[in-house]
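Novice: I am attaching a structure below and will ask some questions about it afterwards.
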Amino acid sequence: MLRGAGKWISQVYGAEQKQFAGYAQDDWKIKPNLMVTFGIRWDDFGNPGEYGAGAVQYANTFLGTGSNLYSQVSGVYGKVVSQAFTSGQTWNFLPRAAFAWEPEFAKKLVVRGGIGLYQDAINLNQITANLPTSTRSA
C-alpha cells in the first residue's frame, strides 16, 4: 500500500503454527508368502496465529444471522481474529494398508501394493498470502 509521496506502509507478516503427528503400524504374516501391513497416521495441522511484535493480524469473514442463506450472506461482516481458522485442524486420521506376496511358482518375484489416504497441511505462506489481513495506519 502506498502512503503519501510514494512511500510504502510496512506490513510485517508474522505467523506461527504448531504441528504434531503420530503414526502406528503393524505387520501380519498371513502365510509364509503373504504379509499384510495396516497403519494409521494422525495429524494436527494446528491453527496459525500472529507471531512477533507488529505482525499484521488476520481479518476473517463471518456469516450474519438469519434463518436462510440469503439473509446470512447479506449480513456478512469481517473482524480481526487471533487465529486464521475458527478451529484447529486436529482430527485427521489417515489409514494405510499394504501387502507383499511372493508367488510359489516364482520365488524371485515379489508383488507389492498399497493404498492409503494422504493429506498435506496448508503452509504458512499460503495462509498469509490468501487470507485477508487487517489494515492499519503507519
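The values are calculated or read from the model by the stated rules, or taken from the named source; none is laboratory data. The model shown is predicted, which means the values in this text are computed figures rather than measured ones. Heads up, the Cβs are rebuilt from the backbone with ideal geometry, glycines too, and the neighbour counts pull from every protein chain shown.
Novice: Given the options 46, 66, 78, 52, name the one that is surrounded by fewer than 13 Cβ atoms within 10 Å (Cβ to Cβ), in contact (Cβ under 8 Å) with a residue 12 or more places away in the chain and not in a strand (DSSP E or B). Working first, answer last.
Specialist: Numbers: 46 fails: surrounded by fewer than 13 Cβ atoms within 10 Å (Cβ to Cβ); 66 fails: in contact (Cβ under 8 Å) with a residue 12 or more places away in the chain; 78 fails: not in a strand (DSSP E or B).
Residue meeting the stated conditions: 52.
Novice: Now, a different point. Which pairs turn up if I take residues in the stretch 107-128 that are outside any strand (DSSP E or B) and look for partners that are among the aliphatic types (A, V, I, L, M) with beta carbon separation below 8 Å, at least 6 apart in sequence or on another chain?
Specialist: 110/100; 117/94; 118/94; 119/94; 124/15; 127/15; 127/84; 128/15
Novice: Quick one: is residue 38 under 30 Å from residue 105 (Cα atoms) and touching a residue at least 40 places away in the same chain (Cβ under 8 Å)?
Specialist: Working: under 30 Å from residue 105 (Cα atoms): yes; touching a residue at least 40 places away in the same chain (Cβ under 8 Å): yes.
Answer is yes for this residue.
Novice: Determine, yes or no, whether residue 30 is modelled with pLDDT of 85 or more, among the hydrophobic types (A, V, I, L, M, F, W, C), more than 23 Å from residue 118 (Cβ to Cβ) and not in a loop (DSSP other than H, G, I, E, B). Talk me through it step by step, then tell me what you get.
Specialist: Numbers: modelled with pLDDT of 85 or more: yes; among the hydrophobic types (A, V, I, L, M, F, W, C): yes; more than 23 Å from residue 118 (Cβ to Cβ): yes; not in a loop (DSSP other than H, G, I, E, B): yes.
Answer is yes for this residue.
Novice: Spot the failing condition for residue 115; the list is (1) under 14 Å from residue 15 (Cα atoms); (2) more than 20 Å from the chain's Cα centre (by Cα), and only one is missed.
Specialist: (1)
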